[in-house]
Amino acid sequence: MLIKLSRASDCKESEVTPEPIYLSRRSLMGVTASALAVSALPSWASAADPSRYEGVEAGSAPAWLNDKLGQTRWGAVTVQGEPITPFKDATHYNNFYEFGTGKGDPAANAGSLKTEPWSVVIDGEVGKPGRYALEDFMKPYQLEERIYRLRCVEAWSMVIPWIGFPISALLKQVEPTSKAKFIRFETLQDPKSMPGQRSGFALINWPYVEGLRLDEAMNPLAILGVGMYGRELPNQNGAPLRLVVPWKYGFKSVKSIVRISLVSEQPATTWENIAPSEYGFYANVNPEVDHPRWTQARERRLPSGLFSPNVRETAMFNGYGEEVASLYTGMDLRKNY
Ligand SMILES: Nc1nc2c(c(=O)[nH]1)N[C@H]1C(S)=C(S)[C@@H](COP(=O)(O)O)O[C@H]1N2
Ligand SMILES: [Mo]
């Protein structure tokens with residue numbers, strides 16, 4: 001996969017041989033707990049920026065996934081001059097309504113999600129439809145670390161080091177037909193493990209669905225995430241497979257994906273269905289188009305507290321305009337919000 005170099009999301013290949021978190025943990029069996037905590041830092045990361053992976057908890061991924069993560073191309077895309085959000089914030093301040101609507105609910109409740117075994121269905125307008133075990137689904141792709149800003153429509157933001165692969169690589173494999181114009185993603189529906197889906201008050205018509213225009217999905221920045229902070233995805237962040245589209249509001253980045261469909265019509269998506277005047281299909285980060293109930297000109301960068309709210313200006317396309325603005329040439333972004 002060729003990624004175009006550009007200033008806004010500076011590309012930097014790491015020369016350092018990576019030693020991800022799970023490896024250090026594995027080789028430390030029998031060593032004291034405090035030594036373990038220190039060594040949970042991947043050594044390559046501490047060489048580059050010691051603060052980067054501080055406080056990261058080691059995961060418990062299956063061996064095949066750890067092996068795959070170990071082959072990641074580290075630091076493929078980075079954010080310059082903005083610190084990475086602490087692991088604790090990225091994993092304890094979440095939106096994942098399947099596990100509750102409170103920011104702490106996903107961390108508290110997502111332990112019930114069973115991510116192994118996991119399978120993904122590819123269907124619709126493709127030459128090669130099928131149902132794949134996640135391991136086989138991921139096998140063809142080189143994983144890359146992508147450090148991206150994440151901007152929620154609720155006006156908070158983070159900087160997260162994802163691990164994933166470009167959707168364009170997947171599309172090459174499954175061969176969309178000439179009728180394919182959009183790509184639709186569906187989250188797991190399983191009320192037994194997802195308490196939010198059992199709630200009588202849920203405003204979402206499950207399963208959670210999101211979608212992209214095909215050319216948006218082909219953009220090199222659009223990835224399917226399988227890990228973060230040098231390890232597998234924690235359940236609350238959308239394990240074992242989620243979308244990451246950094247120039248769009250966070251709600252586009254659908255979690256725990258079980259089905260990917262190539263379709264000819266623009267799919268009906270979850271938040272657009274709930275409140276079409278507030279949440280559009282495109283949902284591109286745009287400081288000039290306010291949400292009907294609040295401004296989108298600014299954002300709170302986490303960690304953010306009462307006495308240090310850490311407010312910053314929101315950038316057009318979340319700072320990824322150089323890469324994505326051409327997708328929207330000639331479109332009125334006030335109408336297509
Ligand atoms: N299935 C599903 N995916 C989802 C959501 C959700 O409620 N359900 N919330 C979205 C929203 S609003 C945001 S901001 C991001 C948050 O991702 P994070 O918790 O990993 O930061 O996930 C998105 N993906
Ligand atoms: Mo969000």
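The values are calculated or read from the model by the stated rules, or taken from the named source; none is laboratory data. In this text, all values refer to a predicted model and were calculated from it rather than measured experimentally. Virtual Cβ from ideal backbone geometry, glycine too; neighbours counted across all protein chains shown. Calculation scope for accessible area: heavy atoms of the full protein, side chains included, ligands and nucleic acids excluded. Shrake-Rupley method; radii C 1.70, N 1.55, O 1.52, S 1.80 Å.
Give me the distance in nm between label points sitting 7 Å out from Cα along the Cα-to-Cβ direction at Ser168 and Tyr132, one decimal.
1.8 nm
Around Ala76, which amide H atoms from residues at least 5 apart in sequence, or from another chain, sit under 5 Å from its own amide H, with H modelled in the peptide plane?
Glu145
So for each of 93-103, 326-336, 289-299 I average, over its residues, the number of other beta carbons within 10 Å; can you give me the resulting order with the highest mean first?
On the way: 93-103: 20.9, 326-336: 11.0, 289-299: 13.5.
Result, highest mean Cβ count within 10 Å first: 93-103, 289-299, 326-336.
Rounded to the nearest 0.05, what FRET efficiency do Glu154 and Asp67 give with R0 = 35 Å and r taken as the Cβ-Cβ distance? Could you check? Spell out each step's value before the answer.
On the way: r = 37 Å, r/R0 = 1.06.
Given R0 = 35 Å and the Cβ-Cβ separation, E is 0.40.
Using a 1.4 angstrom probe with every protein chain in place, what is the largest-first accessible-area order of Phe307, Phe251, Phe165? Please list the in-between numbers first.
Working: Phe307 195, Phe251 20, Phe165 0 Å².
Listed by decreasing accessible area, they come as Phe307, Phe251, Phe165.
Going toward the positive end of the dipole of segment 13-328, with +1 on Lys and Arg Cβ and -1 on Asp and Glu Cβ, which of Leu243, Asn205, Thr85 do you reach last?
Of the candidates, Asn205 comes out farthest on the positive side.
Treating only the Cβ of Lys, Arg, Asp and Glu as charged (+1, +1, -1, -1), what charge dipole size does segment 13-328 show about its Cα centre? Round to the nearest 20 debye. Show your work: numbers first, answer last.
Working: 32 positive and 35 negative charges, 99 e Å.
Around 480 debye, computed over segment 13-328.
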